[in-house]
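The values are calculated or read from the model by the stated rules, or taken from the named source; none is laboratory data. Just so you know, these numbers come straight off a predicted model, no measurement behind them. With ideal geometry, Cβ positions are generated from the backbone for all residues, glycine too; neighbour counts draw on all protein chains shown. The accessibility values were calculated without ligands, DNA or RNA, using every heavy atom of the protein model including side chains. Shrake-Rupley method; radii C 1.70, N 1.55, O 1.52, S 1.80 Å.
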Amino acid sequence: MRKSSSLLVILTLLLVSPPISGTPPPRVLVVCSDIEDVMMANSLGNNFTVRVLYLGKDMPDDRSLLSNAEYLTRYDEVWIPDLNLQWTYGGRLSEEEIQALMGYVKSGGILVIGLNTYVQHWNRRLDELFGVRLLRMETPDKELYIEYDDRLYPCNSTFKIAVVRPVRAKIVARYLSGEPAVTEARYGRGVSVLMTFNPVKTLTGNGSIAVMYKGIALKGLEDRLAKPKLSALKLVQLKLGELVRNPVFMGLTAFVVLFLMAYLGYLPWGVTIVLVTLTLPLSKLLTRKSLKRRIIEALKTLEGAALNELSEELGVEPKRLKFPVAVLKVTKRVELIDLSEFGERDVLITPRGKEIEGMAVWAISGYPKLMEKIARNPGVRVLDLAMSLNMPPYDVLETLKRLSTYGVVELRKIMFDYEVYPTKALARWFEI
């Protein structure tokens, strides 16, 4: 009975007691370029959840994250203590990266940078962000001490310091000489902190100064107005920007543009046919059946027609005929013959399987006298044809050679000349 009572009391206490909930530690991104930077990141201890973005030349992470506004806003603070150009992959901070860091602070983030990051990557936008003006670099002639929160911290005096004049910033820590050692400025909803010394090197042999770094990090959290957060509009803009820059999206967009140009008849035949082949179901759907039927009927009647001739026959612009003709070509209803070798900037369109007949019809319209003489005088010689038509023999021979490849005429080699014979496809048009 006593055990049951004790158990009941414990259960009651558990039910009425408020749940134990802990606020997750602030997230800090430390941008590092060598092992000492990483050691400094680790010095922040258990007060923060630390993530390292390593930009050393030996094994760099993805530097594009430094200009990714959505990525940066995942962190309460971004520390760039010592982005030394000698060791840093990618060189100086770009305008895009500085713009992203400024946007991050403006949205509620905390940005902390050290001497080398500030001086080696100096930009007027940095002075605007940190609310200071760089006056000069100075080499201390004695050991440096920084006064912060009523305590003195030794600072490595073998490196230069930046002497700045606060314009909008407030001084958080000073050297004993009175010059600003650490400044803090509010920018938008966030806070920007400048350390005018090298915060990485000061850790060497003296880790106590890490206490000051933790204090500065916690103070920034108190002084900011809100956690970093992108507006819905800004987030949409960033997503659209990422989408536009995505290689797959760019390729798809280019393909859609090409397809649209092909549909409107602005691309060469070869490209149009390839695009129709790749999108055949869609291409067939977009092509009016009535137009395809009219094209087929006209070609059966004419037995073949150049594009411009077909355009006149149907009363449709040549450009508007290219896409449906390409669909008919891919679906094996018609064939195309390039007429550029005959000096024509056009194509001959024939019903499939009627290429010879179509080519014969075109040859009769293009070379009427030449074709008639061949049809009516089987075995006529090329020289005789040239003399009777007052044409250069070479031109006559070259034209007939091209036509012979399409089966319109037959050439037979004899001594010093050729005999020319009409094929059935040509001869039938001159039968009495």
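Helix 289-302 versus the longest principal axis of the chain: what angle, 0 to 90°, nearest 10, using Cα atoms? It works out to around 30 degrees. Remark: the stretch 262-269, residue by residue, has Karplus-estimated 3J(HN,Hα) of 5, 4, 7, x, 9, 10, x, 4 Hz, where x stands for each Gly or Pro and the curve is 6.51 cos²θ - 1.76 cosθ + 1.60 at θ = phi - 60°. Summarising the amide proton neighbourhood of Y418: residues at separation of 5 or more, or on other chains, whose placed amide H is nearer than 5 Å comprise V382, L383. The Kirkwood hydrodynamic radius of the chain, based on inverse pair distances between different Cα atoms, is 29.3 Å. Gyration tensor analysis over the Cα atoms of the stretch 101-186 returns equivalent ellipsoid semi-axes of 23, 15, 11 Å (largest first, whole Å).
For the listed peptides 39-47, 74-82, a ranking on the average number of other beta carbons within 10 Å per residue, highest first, reads 74-82, 39-47. Nonpolar atom fraction for the chain, defined as the carbon and sulfur part of the 1.4 Å probe accessible area, stands at 57 percent. Of all DSSP beta bridges confined to the chain, the antiparallel ones make up roughly 70%.
Charged side chains reduced to their Cβ positions (Lys and Arg at +1, Asp and Glu at -1) give the chain a dipole of some 1520 debye around its Cα centre.
Using the average count of surrounding beta-carbon atoms within 10 Å as a protection proxy, the listed peptides 134-143, 273-282 rank, highest first, as 273-282, 134-143. With the highest mean first, a sort of the peptides 369-380, 108-119 on other beta-carbon atoms found within 10 angstrom per residue produces 108-119, 369-380.
Computed from backbone phi, the HN-Hα couplings of the stretch 375-389 come to 5, 8, 10, x, x, 4, 8, 4, 5, 5, 4, 5, 5, 5, 9 Hz, rounded to whole numbers (Karplus: 6.51 cos²θ - 1.76 cosθ + 1.60, θ = phi - 60°; Gly and Pro given as x). Label positions at K424 and M137, each projected 7 Å from the Cα along the C-beta direction, are separated by 9.3 nm. Can you find, among V164, A181, T139, the residue farthest towards the positive end of the dipole of the stretch 135-185? Put +1 on the C-beta of Lys and Arg, -1 on that of Asp and Glu. Among V164, A181, T139, the one farthest towards the positive end of the dipole of the stretch 135-185 is V164.
Using the alpha-carbon positions of the stretch 350-423, Rg (one decimal) and Dmax (whole number) come out as 11.9, 39 Å.
Computed extension length for Y89-L286: 65.8 nm, one decimal, from 0.36 nm per residue of separation with the Cα-Cα distance subtracted.
When Lys and Arg each count +1 and Asp and Glu each count -1, what net charge do the other residues less than 11 Å away from C32, Cβ to Cβ, add up to?
That works out to -4.
Taking amide H as placed 1.01 Å from N in the peptide plane, R189 has its amide H under 5 Å from the amide H of S107, G108, each at least 5 places away in sequence or on another chain. Near the amide H of Y145, within less than 5 Å, lie the amide hydrogens of C155, L176, all on another chain or at least 5 residues away, with H placed in the peptide plane.
In terms of its alpha-carbon gyration tensor, the stretch 37-153 comes out rounded; the largest-to-smallest axis ratio a/c stays below the 1.5 threshold.
Excluding same-chain neighbours fewer than eight residues apart, the aspartates and glutamates reachable from K142 by a Cα-Cα span under 20 Å are E179.
At a Förster distance of 35 Å, what's the computed FRET efficiency of K214 paired with D61, Cβ-Cβ distance as r, to 0.05? Write out the running numbers ahead of the final one.
Values: r = 25 Å, r/R0 = 0.70.
So, using R0 = 35 Å, E works out to roughly 0.90.
Separation of the stretch 276-304 from the stretch 119-174 is 76 Å, based on Cα centroids.
Per-residue Karplus couplings for the stretch 321-327, computed as 6.51 cos²θ - 1.76 cosθ + 1.60 with θ equal to phi - 60°, are listed in order as 8, 4, 5, x, 5, 5, 4 Hz, Gly and Pro entered as x.
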